[in-house]
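Rule-based calculations on the coordinates, nothing more; no lab input. Since we're looking at a predicted model, the values are computed, not measured. Heads up, the Cβs are rebuilt from the backbone with ideal geometry, glycines too, and the neighbour counts pull from every protein chain shown.
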Amino acid sequence: MNIWFSYHWHALMLAFKRLVLIPFSTLLTLGVIGIAFSLPAGIYVFFENAETLSGQFSSGPQLSLFLKLDATQSEAGKIESFLKENPHVASFRFIPKASALEQFKESPGLAGVMEGLEGNPLPDAFVVTVRDVPAETLETLSRALSELHQVEHVQLDSAWMQRLAALLKLGRLAAWMLGVLLSLLVIAVVFNTIRLQILTMRDEIEVAKLIGATNGFIRRPFLYFGTIQGLVGGIVAWLIISLGIHLTDEPVKHLMQLYETDFRLYHLSMGDSLVMFLFSAGLGWLGAWLSVVSHLLKIEPR
């Protein structure tokens, strides 16, 4: 066990030494890996914040039922009974035409207009909050309500939420696709870095094999080298995202205050950060392993 540990410790120290010996190349590679990881991770953070923000504006789908102007209290009561018995309705609120008129009169831009009217042009209405149901069920409920007696119009108030959810889903898919492409880029960068190192150290590798070094002993420092590059590149990406959130948090907070909403940008969670670090380290290891298999094992003593 001590021998195994000493072999790996020696390989790890050798990998760090090689990183230090080529500082410019190391910084350039880490910058490329960090930027490559920060793009999909940053998009992921953006859509997570967008979803959190959208949840503050609507707790669920809502329908507005506008009755005909000549609808009586009895007919409104029948519609209320239908809403109470419907299993898809979470809650509802009845807005009499007189209350609606008073609310319009309190609006600064509409007060003068409403006072100039002889009668009340507004109908009675119900605001219905629907349970979390599929879009097909919501459409079926909307049609059933529109067919009720004395219902003039049914409006889906949160249709924009469905569109936003579809856009968020599409955005996440785009982030995953971009992440896959940039992951291949990271593998290629590490692959090429290890290849150049192997070619530079060809004579040293041949001598090591002549004196009995195994392929595993020679391969180990290169694998640690690629893993460290991937891990540190992931940390650089995390720092880039942190800087971006720090620079945009106050402007976003100020903008949301104009809409009377208390909202701050959220960073990657501890779990998401750990997954990103492990994934970046794994990609570095994979790029190094592919390069070693392609080039190192072909070198034999002359």
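Amide H to amide H distances under 5 Å link residue 148 with no residue, where only residues 5 or more positions off or on other chains count and H is placed in the peptide plane.
The H on the amide N of residue 90, modeled in the peptide plane, is under 5 Å from the matching H of 129, 130, 131, each at least 5 residues off or on a different chain. Taking other C-beta atoms within 10 Å as the exposure proxy, 24, 82, 47, 37 rank 24, 82, 47, 37 from fewest upward. Taking the fewest neighbouring Cβ atoms within 10 Å as the starting point, the ordered list for 25, 280 is 25, 280. Cβ-to-Cβ counts within 10 Å put 279, 16, 126 in ascending order as 16, 279, 126, the fewest first. Packing order of peptides 181-188, 168-175, highest average first: 181-188, 168-175 (average count of other Cβ atoms within 10 Å over each peptide's residues). Residue-wise HN-Hα couplings along region 31-43, as the Karplus relation 6.51 cos²θ - 1.76 cosθ + 1.60 with θ = phi - 60° gives them from phi, are x, 5, 5, x, 5, 4, 6, 5, 5, x, 5, x, 5 Hz; Gly and Pro carry x.
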